[in-house]
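Working notes for the structure below.
The values are calculated or read from the model by the stated rules, or taken from the named source; none is laboratory data. This one's a predicted model, so the numbers in the text were calculated from it and none came from an experiment. Here the Cβ is made from the backbone with ideal geometry for all residues, glycine too, and neighbour counts use every protein chain on show. SASA here: full protein model, heavy atoms, side chains in, ligands and nucleic acids out. Shrake-Rupley method; radii C 1.70, N 1.55, O 1.52, S 1.80 Å.
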Amino acid sequence: MRLIFIALLGLCLAACAQPRPQYDLQRTEATVRVHIVERIPGRPNLYGLSSCREGDCDVWIRRSVYPKCLVHELRHAFEGNFHPMGPSTEDCL
């Protein structure tokens, strides 16, 4: 029993030692309004859309992918355009 406890403790410590991903934060505070909609206004093929100006953000998320895409769109409020190659489904599907 003691050996199992030591093994589990070792696994927990190893998991905690994993490096955290680095994020390019552009701000640490934002005001965000989240709109859950059937379709993104003007962009019906997107799952979500964020529009931010100086930490004041509007986020639109399609009802069909809420809450999966919430983290992705909220990241835009703090990191800006973290996927400059175009729309991304990272964190959404």
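Confirm whether GLN26 is open to solvent by 60 Å² or more (accessible area, probe 1.4 Å), modelled with pLDDT under 90 and part of a loop (DSSP other than H, G, I, E, B). Against the criterion (open to solvent by 60 Å² or more (accessible area, probe 1.4 Å), modelled with pLDDT under 90 and part of a loop (DSSP other than H, G, I, E, B)), GLN26 does not qualify. If I ask for residues that are surrounded by fewer than 16 Cβ atoms within 10 Å (Cβ to Cβ) and at pLDDT 95 or above, which ones from region 41-63 would you list? Those that are surrounded by fewer than 16 Cβ atoms within 10 Å (Cβ to Cβ) and at pLDDT 95 or above: ASP56, ARG63.
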